[in-house]
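I have placed the structure first, in the form of structure tokens, so that the comments after it can refer back to it.
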Amino acid sequence: MVVTTGEQAKLRILCLHGYEQDSSIFRTKLRQHIAGLADVAEFVFVDAPNVLQPYDIDGMDNLKRAAAVRSGESLDRTIRGWYWLKSAAPEQVCGLETSVEFLASVLRDNGPFDGVLGFSQGKCLSNWPIDK
């Protein structure tokens, strides 16, 4: 027999932002959904552990990237990614191991979660097999 108090625990949803974003941007994008589901779900946002540099960001041409590196240019905000492509030929992916280790610690230290909501790179990581 199951005894209930009439109050059901909220679902805990881990939220993983996309490339060139952070948790505050993703939270802002989801604010209406969060408000609409506030009675049934708690959304837990985390930042990717990899801070991107100007030369890692899509859309910046090579001359701008090189100039940014030489000048020590910083961005107005911290831009993050779960991983980034260092080279397309041959393909070199950077930061993925760091992100997998980070997510394993999030699950261990802050879990359990009932689900994962990911956007873009965050969605890719939401399907990654992570040992808890």
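The values are calculated or read from the model by the stated rules, or taken from the named source; none is laboratory data. These numbers were taken from a predicted model, which means no experiment stands behind them. Glycine also receives a Cβ, built like all others from the backbone with ideal geometry; neighbour counts cover every protein chain displayed. Surface accessibility is based on the protein's heavy atoms, side chains included, excluding ligands, DNA and RNA. Shrake-Rupley method; radii C 1.70, N 1.55, O 1.52, S 1.80 Å.
Quick check: is even one residue across region 57-74 out of contact with any helix residue (DSSP H, G or I) (no Cβ under 7 Å at 6 or more places or on another chain) and modelled with pLDDT of 90 or more?
Within region 57-74, not a single residue is out of contact with any helix residue (DSSP H, G or I) (no Cβ under 7 Å at 6 or more places or on another chain) and modelled with pLDDT of 90 or more.
Would you check which residues across region 81-115 are assigned to a strand (DSSP E or B) and either modelled with pLDDT of 95 or more or more than 11 Å from the chain's Cα centre (by Cα) (or both) and list them?
84, 85, 86, 87, 88, 91, 92, 93, 94, 115
From the list 78, 28, which residue is farther than 20 Å from residue 106 by Cβ, modelled with pLDDT of 75 or more and open to solvent by 50 Å² or more (accessible area, probe 1.4 Å)?
Residue meeting the stated conditions: 28.
Any idea how many residues of region 35-55 are touching a residue at least 60 places away in the same chain (Cβ under 8 Å) and in a helix (DSSP H, G or I)?
0
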